[in-house]
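J.: If you scroll down you'll find the structure; I have some questions about it.
The values are calculated or read from the model by the stated rules, or taken from the named source; none is laboratory data. Everything numeric in this text was worked out from a predicted model, so none of it was measured. Positions of Cβ are generated from backbone atoms using ideal geometry, with glycine treated the same way; all protein chains shown enter the neighbour counts. Note: accessible area is taken over every heavy atom of the protein model, side chains too, but ligands, DNA and RNA are not part of it. Shrake-Rupley method; radii C 1.70, N 1.55, O 1.52, S 1.80 Å.
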Amino acid sequence: MARKTDTIGARIRYWRMRRSGMSQAVLAGLAGVSQSYLSQVESGRKTVDRRSTLVAVAAALQVTVADLLGQGTEPGDPARERAAECVPAIWSALIEIEDGERRPLTRTRDELAADIARGEQLRIRSNYPAMARLLPGLLLEAAAVEGTVLVQVAYQASTCLRHLGYRHLALNAARVAVAAAEDVEEPAWLGASRFAYAQSLPIESAPLAARAADRSLAELQAAAADERVRQMLGQLHLAAALTSTVSGRPDLARDHLSEAAREAATLGDPPDGDGFNGCGFGPTNVKLWEMSIAAELGEPGRVIELSRTVRPQVLAASNRQMSYWVDLGRALAESGRRDAEALAAFVRAEQAAPVPFALNPLVQDAVVAMAQRAKRRAVPNELRLLAGRLGISLAP
């Protein structure tokens with residue numbers, strides 16, 4: 001059962017008190033937010049709705065955003081604990097690969113291809129604990145073959161580690177993927193690996209992530225006749241749009257979003273719901289990223305408006321479907337007057353992708369805030385059940 005210190009607000013208060021009892025007024029001033037807002041966040045009555053706010057508060061406290069989110073550090077979640085047992089072996093495999101060591105291949109090529117396909121299906125279903133168990137051996141086997149085989153498995157590792165909260169290791173895996181893609185000079189896989197790299201950078205490095213995406217976009221333009229490359233160009237535009245928003249450059253974000261929408265309009269949604277490397281690039285994915293960008297801009301009404309134009313079920317990746325329902329749920333909960341609808345959205349998000357939903361600290365905070373608002377009346381049973389599944393105690 002989660003403790004009250006498990007919320008983002010409680011972690012902010014913990015680190016504030018560690019800074020020689022820094023007052024709320026001082027922290028609010030350093031972070032560029034109001035003291036009233038900070039007080040509500042620390043008490044759990046309000047959520048931190050923007051990544052840029054997390055960056056500002058973390059900088060003021062001289063900690064990382066990961067410290068405030070509790071990612072990869074806090075016990076108590078069974079999914080994370082099962083995966084954590086495998087992380088040292090994944091790390092060891094990545095170090096070995098980066099150091100240039102290669103072991104002999106112990107599986108047939110067909111067996112290796114089958115395991116890679118299994119890992120890909122686990123990624124599409126967002127089953128990251130099962131992926132983590134598969135990855136240590138699969139990484140070493142893929143390194144024996146190298147080429148696009150290593151790119152694909154390293155990409156899988158980067159995605160898995162990032163969603164489990166191990167961004168530093170996700171970045172290592174992305175670098176392995178980039179190096180392997182550069183060796184074979186395969187533009188589509190280079191685009192995929194560069195996208196993984198941009199996604200794995202910490203939130204504090206949003207300006208760097210935006211610049212990295214820009215460089216990759218320029219480099220890949222020459223290969224844009226390849227439809228797979230165009231899909232990755234679109235994904236890189238989306239990554240640059242979000243990171244530019246976090247960096248306080250909405251003008252650049254609009255440009256990137258427009259380019260992604262233009263590319264998506266010519267390609268359409270992938271018929272199989274996956275597209276190249278399961279990225280699912282197309283008009284639907286662009287709208288999902290647009291919802292996330294509107295949330296980052298503090299525009300919950302815009303998120304709700306956009307949600308009416310999106311059918312997330314056309315995409316195969318369960319975490320993209322979850323993203324839709326999480327962004328919608330948080331937008332509905334923002335006003336404090338549509339909690340029943342927000343709860344329904346969160347339940348749909350949990351059904352779409354249970355593991356990443358349970359690991360999402362922003363969802364946990366939203367549920368706590370909803371419960372705080374419900375204290376004066378009986379907490380709805382469905383909200384109590386959802387909180388229980390997230391490990392959140394609603395006891396006084």
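J.: Based on the alpha-carbon gyration tensor of region 143-239 and its eigenvalue square roots a ≥ b ≥ c, which shape applies: rounded if a/c is under 1.5, prolate if not and a/b is larger than b/c, or oblate?
T.: Note, shape of region 143-239 comes out oblate.
J.: Set the Förster radius R0 to 56 Å, insert the Cβ-Cβ distance between Asp99 and Asn381 as r into 1/(1 + (r/R0)^6), and round the FRET efficiency to 0.05.
T.: On the way: r = 54 Å, r/R0 = 0.97.
Here the calculated transfer efficiency is 0.55.
J.: Among Val26, Ala192, Ser247, flag the residue with its Cα farthest along the positive direction of the charge dipole of the chain, charges on Cβ as +1 for Lys/Arg and -1 for Asp/Glu.
T.: Val26
J.: Taking a ≥ b ≥ c as the square roots of the Cα gyration tensor eigenvalues, with a/c under 1.5 meaning rounded and otherwise prolate when a/b beats b/c, else oblate, which class fits region 162-301?
T.: Judged from the Cα gyration tensor, region 162-301 comes out oblate (a/c at least 1.5, b/c at or above a/b).
J.: Which shape class applies to region 201-261: rounded if a/c is under 1.5, otherwise prolate when a/b exceeds b/c and oblate if not, where a ≥ b ≥ c are the square roots of the Cα gyration tensor eigenvalues?
T.: prolate
J.: Angle check, please: helix 227-246 long axis (alpha carbons) against the longest principal axis of the chain (alpha carbons), in degrees 0 to 90, nearest 10.
T.: Approximately 30 degrees, to the nearest ten.
J.: Label points 7 Å out from Cα along the Cβ direction at Glu146 and Ser39: separation in nm?
T.: For the pair Glu146/Ser39, the computed spacing is 6.3 nm.
J.: Follow-up question, since we're still on this one. Suppose R0 equals 41 Å. What FRET efficiency, 1/(1 + (r/R0)^6) with r the Cβ-Cβ distance, do Ser23 and Ser258 give to the nearest 0.05?
T.: 0.40
J.: Also, quick follow-up: Of the accessible area of the chain, with the probe set at 1.4 angstrom, what percent is carbon plus sulfur?
T.: 51 percent
J.: Return the calculated 222 nm mean residue ellipticity for the chain, to the nearest 500 deg cm²/dmol, obtained by summing -39500 (n - 2.57) across DSSP H runs with n ≥ 4 and dividing by the residue count.
T.: -22000 deg cm²/dmol
J.: Moving to a separate point now. Between Gln351 and Arg215, what is the FRET efficiency for a Förster distance of 25 Å, r being their Cβ-Cβ separation, to the nearest 0.05?
T.: Numbers: r = 39 Å, r/R0 = 1.55.
Taking R0 as 25 Å, the efficiency between Gln351 and Arg215 is 0.05.
J.: Between Ile392 and residues 5 or more places away or on another chain, which pairs have amide H atoms under 5 Å apart, with H built 1.01 Å from N, and which residues are they?
T.: Here the answer is Ala2, since their amide H atoms fall under 5 Å of that of Ile392.
J.: Compute the helix-to-body angle for 87-98: its Cα long axis versus the longest principal axis of the chain, expressed 0 to 90° and rounded to tens.
T.: Tilt relative to the chain: about 40 degrees.
J.: Looking at Ile124, Leu112, Gly147, which one has the Cα that reaches farthest to the positive end of the dipole of region 110-178 (charges on Cβ: Lys, Arg +1; Asp, Glu -1)?
T.: Highest projection toward the positive end goes to Ile124.
J.: Also: List the residues, sorted by chain then number, that are 5 or more residues from Ala316 or on another chain and whose placed amide H is less than 5 Å from its amide H.
T.: Under 5 Å from the amide H of Ala316: Asp274.
J.: Using the Cα centre as the reference, give the magnitude of the dipole from point charges on the C-beta atoms of the chain (Lys, Arg: +1; Asp, Glu: -1; all else neutral), rounded to the nearest 20 debye.
T.: Dipole magnitude for the chain comes out near 2040 debye.
J.: Output the relative contact order of the chain, whole-number percent, from Cα pairs under 8 angstrom with separation of 6+ residues.
T.: RCO, the chain: 16 percent.
J.: Find how many whole Å separate the alpha carbon centroid of region 250-290 from the alpha carbon centroid of region 149-224.
T.: Rounded to whole Å, the Cα centres lie 18 Å apart.
J.: Then there is this: In angstroms, what radius of gyration and Dmax does region 14-165 have, counting Cα atoms only?
T.: 20.6, 63
J.: Step by step: find N for the chain, compute 2.2 N^0.38 Å, then divide the Cα radius of gyration by it. What's the final number?
T.: 0.98
J.: Right, next: List the residues of region 242-277 whose backbone N lies under 14 Å from a point placed 7 Å from the Cα of Thr309 along the Cα-to-Cβ direction.
T.: 257-262, 264-265
J.: Taking only Cα atoms, what is the 0 to 90° angle, nearest 10, from helix 318-334's long axis to the longest principal axis of the chain?
T.: 20 degrees
J.: Local charge sum around Tyr155 (other residues, Cβ-Cβ under 10 Å, Lys/Arg +1, Asp/Glu -1)? Intermediate results must be reported in sequence, preceding the final value.
T.: Working: positive: Arg123; negative: Glu120.
In short, 0.
J.: Now for a different question. Per-residue accessible area for Trp15 at 1.4 Å probe radius, Å² rounded to 10?
T.: We get 50 Å² for Trp15.
J.: So what are the ³J(HN,Hα) numbers for region 267-280, from phi and the Karplus equation (6.51, -1.76, 1.60; θ = phi - 60°), rounded to whole Hz, Gly and Pro as x?
T.: Taking θ as phi minus 60°, the curve returns 8, x, 5, x, x, 8, x, 9, x, 4, 6, x, 6, x Hz for region 267-280.
J.: I'd like to check one number: the per residue accessible area of region 228-345, probe 1.4 Å, reported in Å² as a whole number. Could you put the intermediate results ahead of the total?
T.: Details: 4440 Å² over 118 residues.
Ligands and nucleic acids excluded, the result is 38 Å² per residue.
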